[in-house]
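Asker: Just passing along the structure, written as structure tokens.
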Amino acid sequence: MGGASKQAVGIDTPRVDCHAHVFDADMPTCPTAWTVPDYEFTAEQLLGEMDEHGIDYAVLSGLSISGEYNDYMIRALRRHKRLRGTAIVSAPSELYALERMRDDGIVGIRLQLARRDVLPDFDSFDYRILLRRVRDLGWHVQLAIEGERLPGVLDTLLASGVDVVIDHFGHPDPADPLNCPGLRAMLAAVDTGRCWVKLSGGFRLAGTAAWREDPDGDLETLAQTVAAELVKKVGSDRLLWGSDAPYVGYENRMSYGQVLESFRGWVPDPAHRDEISQTAMKLYFS
């Protein structure tokens, strides 16, 4: 099942890319899509990048711009057993549909709440049903949201009994990343034993609109600062790494090699990077 060996590639790499996307060039997109790529990035292209860099497995994230159109991702999971995925679904979603997704390689649902004017009511009956089904399936909720909105949503999700994986460092406040309410809420959630944090999309931490407003801005300093804090206070048993390939909005500035090099800078101890790989294997592929 594995790709190119690390020994053959000759570099230090994680075993699992925990955050990547695949899509074709003519997928249906939501009216509210924040961008619409004019190219394709297929599962085969992703696997080619992984093999080139010695990475064995990947987790595909539901594509926010296509809403509940999970079809393309699910077909990729059926073709490639090295892949797992998280799906974007509506509440409450039928159990039979979710069970079929599980059999195809889906391991959780993605709540893509960034750039949303109004958040769902997770205390509503439909969402309580959905979250109970997620819990019963042994899945997790993958959460993408701006850091200032994280505390309330995290409290509600954890109270439902589900496990939570937070995307992109939790998007802490760029003005005060180490002391903001979002980071504090995330650290408290990790202490429950039911929350993990992704070191992914570091180039996005300046804000969800920065790719348009400041396309030539600093893509590394903020991520380096927050990563050091997370390594110290969260630990490698609750951290994951993801490439966020194909870096939508930053395609001209990022590459697979660059995001791997960033990860080595964020987590300079090879032993800690290996432990993060073990965490990913246990969460997604055990």
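Here, each number is a calculation from the coordinates, and none is a lab measurement. Owing to the predicted nature of the structure, the values given are computational and were not obtained by experimental measurement. Because the Cβ atoms are built from the backbone with ideal geometry, glycine has one as well, and the counts that use them run over all protein chains shown.
Asker: Report for the chain the percent antiparallel among DSSP-assigned beta bridges with both residues inside it, nearest 5.
Answerer: 5
Asker: So what are the ³J(HN,Hα) numbers for region 23-40, from phi and the Karplus equation (6.51, -1.76, 1.60; θ = phi - 60°), rounded to whole Hz, Gly and Pro as x?
Answerer: My calculation for region 23-40 gives 6, 9, 7, 10, 5, x, 10, 5, x, 9, 4, 6, 6, 10, x, 9, 8, 10 Hz in order.
Asker: Please name which of G67, V134, L230 has its Cα lying farthest along the dipole of region 6-285 towards the positive end, using unit charges on Cβ (Lys, Arg +1; Asp, Glu -1) and the Cα centre as origin.
Answerer: Toward the positive end, the furthest listed residue is V134.
Asker: Then there's this: Could you put K81, K233, K198 in order, starting from the residue whose Cβ has the fewest other Cβ atoms within 10 Å?
Answerer: Least to most surrounded, the residues fall as K81, K233, K198.
Asker: So which residue, out of F203, F122, F169, gets the largest mean-square fluctuation from a GNM of the chain using Cα contacts under 10 Å as springs?
Answerer: Sorting by GNM fluctuation, first place goes to F122.
Asker: Kirkwood Rh, region 194-242, all Cα pairs: how many Å?
Answerer: Averaging 1/r across every pair of different Cα atoms and inverting gives 11.7 Å.
Asker: Moving on to the next point. Using alpha carbons only, how many angstrom separate the centre of region 248-286 from the centre of region 148-207?
Answerer: Cα centroid to Cα centroid, the span is 18 Å.
Asker: Just to verify a number: FRET efficiency for R78 and D12, C-beta to C-beta distance, R0 = 30 Å, to 0.05?
Answerer: Working from the Cβ atoms, E equals 0.40.
Asker: Here's a follow-up. Looking at the chain as a GNM with Cα springs under 10 Å, which of L83, L95, L154 has the largest mean-square fluctuation?
Answerer: The residue with the greatest mean-square fluctuation here is L95.
Asker: Mind telling me which of G170, G48, G182 comes out most flexible in a GNM of the chain, alpha-carbon contacts under 10 Å?
Answerer: The residue that fluctuates most here is G48.
Asker: Taking the Cβ of D38 as the center, what net charge do the other residues with Cβ under 12 Å away carry, scoring Lys and Arg +1 and Asp and Glu -1?
Answerer: -4
Asker: Next question, about the same structure. Using Cβ counts within 10 Å as a stand-in for footprinting exposure, how do C30, C18 rank, fewest first?
Answerer: C30, C18
Asker: Which net charge results when you count Lys and Arg as +1 and Asp and Glu as -1 among the other residues whose beta-carbon is under 12 Å from that of A97?
Answerer: -2
Asker: Listing C195, C180 from the residue with the fewest other Cβ atoms within 10 Å to the one with the most, what is the order?
Answerer: Going from least to most buried by this count: C180, C195.
Asker: Do the sum for the chain: with -39,500 (n - 2.57) for every DSSP H run of n ≥ 4, divided by all residues, what is the mean residue ellipticity at 222 nm, to the nearest 500 deg cm²/dmol?
Answerer: -11500 deg cm²/dmol
Asker: Could you please report the charge total around P181, scoring K, R as +1 and D, E as -1 over all other residues with beta-carbon less than 14 angstrom from its beta-carbon?
Answerer: Net charge in that neighbourhood comes out at -3.
Asker: Additional query: Quick check for me: using +1 on Lys/Arg Cβ and -1 on Asp/Glu Cβ, what's the dipole size of region 6-285 about its Cα centre, in debye to the nearest 20?
Answerer: Approximately 900 debye in magnitude.
Asker: Sticking with this one: Mind checking which of L260, F23, L83 is farthest towards the positive end of region 6-285's charge dipole, using Cβ charges of +1 (Lys, Arg) and -1 (Asp, Glu) about the Cα centre?
Answerer: Of L260, F23, L83, it is L83.
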